[in-house]
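Before any comments, here is the structure.
Nothing in this text is a laboratory measurement; each read-out follows from the coordinates by a stated rule. All of these numbers come straight from a predicted model, not from anything done at the bench. Note that each Cβ is placed from the backbone with ideal geometry, even for glycine, and that neighbours are counted across all protein chains shown.
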Amino acid sequence: MSISVTHLSKNFGAQKAVNDISFNIGKNEIVGFLGPNGAGKSTTMKMITGYLKPDKGSIEVCGISVQNQPTETQRKIGYLPESNALYLDMYVKEYLSFVGSVYNIDNLQSSVNDVVELVGLTKEAHKKIGQLSKGYKQRVGIAASLVHNPDVLILDEPTSGLDPNQIIEIRDIIKRLAENKTVIFSSHIMQDVEAICERVIIINKGQIVADDQLINLKNKTNDNQMVSVEFKEKIASNLFSGFKDCISVKEISQNKFNFETSNAESIRKQIMELCLSNNLNIVSLNSESNNLESVFKSLTL
């Protein structure tokens, strides 16, 4: 196993940030690690990297104990934290050489050149980091996590704050890296996870609520669909009491409603008919079937 987490716990005062979790990640797997804010994702990743000590439990990276041999395990890990702290006054290659020197790697300049090319920084390598766009700063962070050629790569929100084109480019980089490295990928952007990962671990309130192949998670949830509607007017939910194919109605506000249904098209038609007969105006009308976002909601709300 590349990563083995066993009965891991971490408390911050009275708050149980991580509560007795266990999972294994095999060699060359790429795993999406998901959860709401405050669920324990970043805390778990920091414990795997050795930045935080667990209160209970054990962690092994490539068969080496993180608690007993932290330096050895950190040589096996490349870590991009959510904050991606960089020295903005340093040039790209200068910074990567500095990071590589910390690991005492052989052929330092060759390794720097390799990661610059790998993450698509060649045209920007002559610049200071502070002159780069956020997308290229993220590439510098990824390059820094790779310069010592680790076996395990841990990426915490690597696409946060990027524009759509930059997100696609970072996705492509991560896919290439996953061909010969184990990757833990944390993101709040479900489309990223669906595009990159085959397996997903979901943590909520410090506990793992799902750990499976993405396709299996989708199939385990029911076949019902969700229809969301927002009216311009405030209306009473009893107007929907005669709707066919409606399993439940949730009132979000006086003009917003979510319908759980086995037939989204039927509900959409009935909403339109209701509007025509009662002179109502629709602001938005959307439906969604089982995707990672709906699975995530069902497990964490």
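Things worth noting here:
- Neighbours of L146, meaning other residues whose beta-carbon lies under 10 angstrom from its beta-carbon, give a summed charge of 0 when Lys and Arg score +1 and Asp and Glu score -1.
- Local electrostatic count at I30 - Lys and Arg +1, Asp and Glu -1, tallied over other residues with Cβ under 10 Å: 0
- Point-to-point label distance, Q254-Q109, nm (Cα→Cβ direction, 7 Å offset): 7.2
- Using a Gaussian network model of the chain in which every pair of alpha carbons under 10 angstrom is joined by a spring, one finds that among I247, I142, I184 the greatest mean-square fluctuation is at I247.
- Calculated FRET efficiency for the pair I168/N37, C-beta based, R₀ 30 Å, to 0.05: 0.75
- Surrounding net charge for K10, when Lys and Arg each add one and Asp and Glu each subtract one, Cβ distance under 15 Å: +4
- Per-residue ellipticity at 222 nm from helix content only, as computed over the chain with -39500 (n - 2.57) for each DSSP H run of at least four residues, stands at -10000 deg cm²/dmol.
- Potential lengthening of the chain between M272 and S284 amounts to 3.2 nm, from the contour at 0.36 nm per residue minus the alpha-carbon distance.
- Value of relative contact order over segment 1-136, rounded to a whole percent, pairs C-alpha under 8 Å and six or more apart: 20
- Each listed q (0.12, 0.15 Å⁻¹) maps to a log10 I(q)/I(0) for the chain, found by the Debye formula over equal Cα scatterers with no solvent: -0.85, -1.11.
- The stretch between N291 and N11 holds 97.5 nm of extra length on full extension. This uses 0.36 nm per residue minus the Cα-Cα distance.
- Put in order of Cβ neighbour count within 10 Å, fewest first, the listed residues I154, I252, I271 become I252, I271, I154.
- Fewest-first sequence of Y51, Y95 by Cβ atoms within 10 Å of each Cβ: Y51, Y95
- Listed by chain and number, the lysines placed with their C-alpha closer than 28 angstrom to that of K53 are K10, K16, K27, K41, K76, K181, K205; residues fewer than eight positions away on the same chain are left out.
- Cα radius of gyration and Dmax for segment 75-161 (Å): 11.7, 35
- Within the same chain, lysines fewer than 8 places from K269 are excluded, and of the rest, those with a Cα less than 16 Å from its Cα are K244.
- Modelled spin-label separation between I189 and L88, with each label point placed 7 Å from Cα along the Cα-to-Cβ direction: 2.2 nm.
- For segment 257-301, the fraction of C-alpha pairs farther apart than 16 angstrom is 49 percent.
- Pair S228, L301: separation of 7 Å Cα→Cβ label points (nm): 0.9
- Amide H to amide H distances under 5 Å link K56 with S9, where only residues 5 or more positions off or on other chains count and H is placed in the peptide plane.
- Straight-line cross-link reach from K218 at under 18 Å between alpha-carbon atoms covers these lysines, not counting any fewer than eight positions away in the same chain: K297.
- Long-range HN-HN contacts of E157 with modeled amide H, under 5 Å: S186, S187
- Rg ratio (alpha-carbon, reference 2.2 N^0.38 Å) - segment 222-300: 1.07
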